[in-house]
Amino acid sequence: MISVLEGGAYLIKGTELIPDGPEALSQIKAKTGKEITREEAGEQTIAYNILKEHNTSGSMDKLKIKFDKLTSHDITFVGIIQTARASGLEKFPVPYVLTNCHNSLCAVGGTINEDDHMFGLTCAKKYGGVYVPPHQAVIHQFAREMLAGGGKMILGSDSHTRYGALGTMAMGEGGPELVKQLLNQTYDINMPGVVGVYLTGEPVKGVGPQDVALAIIGEVFASGYVKNKVMEFVGPGVGSLSADFRIGIDVMTTETTCLSSIWRTDDTIQEFYEIHGRKEEYKELNPGEVAYYDGMITIDLSTIKPMIAMPFHPSNTYTIEELNANLMDILDDVEKKAAVSLDGAVDFTLKNKVKNGKLLVDQGIIAGCAGGGFENICAAADIMRGSYIGSDGFTLSVYPASMPVYMELIKNGCAAALLETGAVMKTAFCGPCFGAGDTPANNAFSIRHSTRNFPNREGSKLQNGQISSVALMDARSIAATAANKGVLTAATDFDGTIGKYQYHFDANIYANRVFDSKGVADPQVEIQFGPNIKDWPAMTELPENLVLRVVSEIHDPVTTTDELIPSGETSSYRSNPLGLAEFTLSRKDPAYVGLAKDIQLAQKAIMEDKCPVEVKPELKDIMDVIKKNYPEVGRSNIGFGSTIFAVKPGDGSAREQAASCQKVLGGWANIANEYATKRYRSNLINWGMLPFLIQEGELPFQNKDYLFFPGIRKAVEEKADKIKAYKVGENGLAEFTLTLGELTDEERQIILKGCLINYNRV
């Protein structure tokens, strides 16, 4: 059972909850003999104290964080380093690990993926970093094994940067935030709220970490209960969970839209560090005697049942038992939700997967930072022993999260047990999570222990009539389904033994294969570039006045980063800003790129000191209307570009390209009712884009309209509460109002300069 308190709560000695209310403080005094204020108790959370230790501002209201370590993968590190190089990078000031777990296939686009890898290796040598070659480890498993430390903070350019179970507060952000750290700048945020997750009981056999995680996501995502807050896991139930189990829950907290996570630590986590040869990194973490939380989620682990997140979001959750009992009704609801997500572009149904009252699955995947852990795969092997997936269409692929995990599975026989069933074992690779490996067939239904099941992610190309769908499940129930030859089955139906296996970490594979500079830079090293690795194009400062054309209008409840810039085959172009930009919104709104490039011609003309009307004649009528009210506006003080409207953009990955691709195509702004995540809004700001907000239900423009923003530069400089804008029409200017939300002084300067590169360039 999961329950969510409407208000805050106090936790006494880590074991007793008192909901906030008029009598709460007197109850605490009666139990502890001490008087305490809410503010004082708020300083007793684990999260508060880790943030305090890393804050450089002197104010716990306005934090300026410096992280202990950084990590990136091969979809993001080229752009990050190129940005930092353009801003004067000389060496990595903190340990920076470059892993290669996304562009590992090297199957698309000739040499370009491996060129990225060689770029990463030579940069690690030149600037003093760590380079993990392809197939050795997924980014987050390497970080758990080799980087995490009690009380430390890690910043990663991947949204699932979560190591809270190991006592490390980690955050996933867009690349520009890592650039700031590489340039000895800070991560600036308001003090986040802290929500407690109070665990009791222990899971029953067959229930795994993904089941607990999906239950939490299903409970809190829609309400935004933990949005941009820190989730702090406490309570006696923590002690009933293994380290792997905690890690499996923790990595999925990203899907709640929380900012970060942290767990209390104990002997189990101490043993984890000892197993990995890093016992000095362990630190016992517990909340203080009386800690105040801004919200509280309580979970009795013994009540959690095997879960499934149906297409097309991790929050679309049901128990497998509930799904099987109400199959056609739930599938009908899934189709209705899919019609919104897919804009009716294809006919989508899962009802044709029902045979004799049972839901048949086409594919199973256990992979990546969520599914590829040692215990998950051992449990899957035990459930499948003696079974065979058969020779029909069902397939099962298993990707251990690191080579050390793979080696141990070979040594203890679990790899052999899985291979005997007809499953396929593959190397460490994040591809199945974002559609670059084991892509399902058209109309196929895949169950995956991975992190996401967004539309347009697993090989779907709606404009080509292609659709596949993914449901998220735990490895245990995926194995039970595989053993049942693809009939959806909960692992609690398995009546055999699921063993407990001792893990032995062999560090030799890393010692012999991973390049570690030990923090020593070698300026003499020449960076190895490939023909696809391009510099960022020139970007101008924010002009005094702006004319923006709306080039996409999206009314889905949430727009994911996968829709803003699709993953999959586009990954090979991540190091080529102009090449990648051609894919922007390609699966959501194929007309976007053409419309954005069309209005960008006017801005390019201004940058070349030419007349924008000559390259874009329709602007003459637009400017004539503007000049009737603003005669002083002209070529010397105006800029042109594009904007999109989306109800709630930015759910999903940390990839900065969701914003930078718009910028490269001349984007100056987003207009939204709300931003789904802090990291997407930060990406917009760091690329010099205005993160406009407009009241829900108020949309005084539509796609392809021209908007005029007089005095926009002055409004940003002077911190205007409201931004005046106009829709430019044949009959004149129609005024409406926007806001920018809270911006730090540094963020305002980045926007004024046009992007983070310009802000830092000497």
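The values are calculated or read from the model by the stated rules, or taken from the named source; none is laboratory data. Please read all numbers here as calculations on a predicted model, not as lab measurements. Note that we place each Cβ from the backbone using ideal geometry, even for glycine, and neighbour counts take in every protein chain shown.
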Give Ser341, Ser387, Ser402 a once-over and let me know the one that is crowded, with 16+ Cβ neighbours inside 10 Å, at pLDDT below 95 and within 29 Å of Ala428 (Cβ to Cβ).
Ser387
Select from segment 164-205 the residues that are charged (D, E, K, R) and within 23 Å of Ile216 (Cβ to Cβ) and write down the one among them that is surrounded by the most Cβ atoms within 10 Å (Cβ to Cβ).
Glu173
Out of (1) in contact with a Pro (Cβ under 7 Å, 6 or more places away or on another chain); (2) at pLDDT below 95; (3) under 20 Å from Pro192 (Cβ atoms); (4) not aromatic (Phe, Trp, Tyr), what's the single condition that is false for Thr257?
(1)
Please go through segment 535-552 and give me each residue that is surrounded by fewer than 17 Cβ atoms within 10 Å (Cβ to Cβ) and either among the basic types (Lys, Arg) or not in a loop (DSSP other than H, G, I, E, B) (or both), ordered by number.
none
Of the residues that make up segment 112-129, is at least one farther than 16 Å from Phe529 by Cα and either touching an Asp or Glu at 6+ places or on another chain (Cβ under 8 Å) or of a type outside the set (Asp, Glu) (or both)?
yes
Checklist (1) touching an Asp or Glu at 6+ places or on another chain (Cβ under 9 Å); (2) modelled with pLDDT of 95 or more; (3) assigned by TED's automatic domain parsing to the domain that holds Gln44 applied to Thr317, failing item
(3)
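Picking from Lys678, Lys753, Lys663, which residue would you name as being modelled with pLDDT of 95 or more and out of contact with any Asp or Glu (no Cβ under 7 Å at 6 or more places or on another chain)?
When all the criteria are applied, what remains is Lys663.
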When (1) more than 17 Å from Val179 (Cα to Cα); (2) of a type outside the set (Val, Ile, Thr); (3) in contact (Cβ under 8 Å) with a residue 60 or more places away in the chain; (4) surrounded by 23 or more Cβ atoms within 10 Å (Cβ to Cβ) are applied to Lys648, the one that fails is (4)
Can you list the strands (runs of 3 or more DSSP E) lying wholly within segment 146-190 that have 1 or more residues being among the hydroxyl-bearing types (Ser, Thr, Tyr)?
187-190
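Report yes if Lys29 is modelled with pLDDT of 95 or more, of a type in the set (Lys, Arg) and either farther than 15 Å from Ile12 by Cβ or assigned to a helix (DSSP H, G or I) (or both), otherwise no.
no
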Name the helices (runs of 4 or more DSSP H) wholly within segment 304-403 that hold at least 1 residues that are more than 25 Å from Gly496 (Cα to Cα), touching a helix residue (DSSP H, G or I) at 6+ places or on another chain (Cβ under 6 Å) and of a type in the set (Val, Ile, Thr)?
327-341
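Yes or no, residue by residue, for (1) in contact (Cβ under 8 Å) with a residue 40 or more places away in the chain; (2) polar (S, T, N, Q); (3) under 19 Å from Asp294 (Cα atoms):
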residue	(1), (2), (3)
Gln181	yes, yes, no
Asn184	yes, yes, no
Gly224	no, no, yes
Lys229	yes, no, yes
Ser242	yes, yes, no
For segment 204-232, enumerate the residues that are under 22 Å from Ile365 (Cβ atoms) and more than 21 Å from the chain's Cα centre (by Cα).
Gly206, Val207, Gly208
Considering segment 192-226, residues that are part of a loop (DSSP other than H, G, I, E, B) and among the hydroxyl-bearing types (Ser, Thr, Tyr), and then whichever is farthest from Val251 (Cα to Cα), we arrive at Ser223
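Okay, residues lined up against (1) within 13 Å of Gly174 (Cβ to Cβ); (2) touching a residue at least 40 places away in the same chain (Cβ under 8 Å); (3) not hydroxyl-bearing (Ser, Thr, Tyr):
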{"residue": "Ile671", "(1), (2), (3)": "no, yes, yes"}
{"residue": "Glu674", "(1), (2), (3)": "no, no, yes"}
{"residue": "Tyr680", "(1), (2), (3)": "yes, yes, no"}
{"residue": "Leu699", "(1), (2), (3)": "no, yes, yes"}
{"residue": "Asn703", "(1), (2), (3)": "no, yes, yes"}
{"residue": "Gly711", "(1), (2), (3)": "no, yes, yes"}
Whichever residue in segment 705-734 is in contact with a helix residue (DSSP H, G or I) (Cβ under 9 Å, 6 or more places away or on another chain) and part of a loop (DSSP other than H, G, I, E, B) and, among such residues, is surrounded by the most Cβ atoms within 10 Å (Cβ to Cβ):
Pro710
Enumeration of residues in segment 654-690 that are of a type in the set (Asp, Glu) and in a strand (DSSP E or B)
none
So how many residues does segment 488-527 have that are within 30 Å of Leu182 (Cβ to Cβ), among the polar types (S, T, N, Q) and in a loop (DSSP other than H, G, I, E, B)?
2
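Would you say Ser477 is in contact with a helix residue (DSSP H, G or I) (Cβ under 8 Å, 6 or more places away or on another chain), closer than 21 Å to Met689 by Cβ and either free of Cβ contacts under 8 Å to residues at least 40 places away in the same chain or crowded, with 17+ Cβ neighbours inside 10 Å (or both)?
No.
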In segment 433-487, which residue that is part of a loop (DSSP other than H, G, I, E, B) and of a type in the set (D, E, K, R) is nearest to the chain's Cα centre (by Cα)?
Arg452
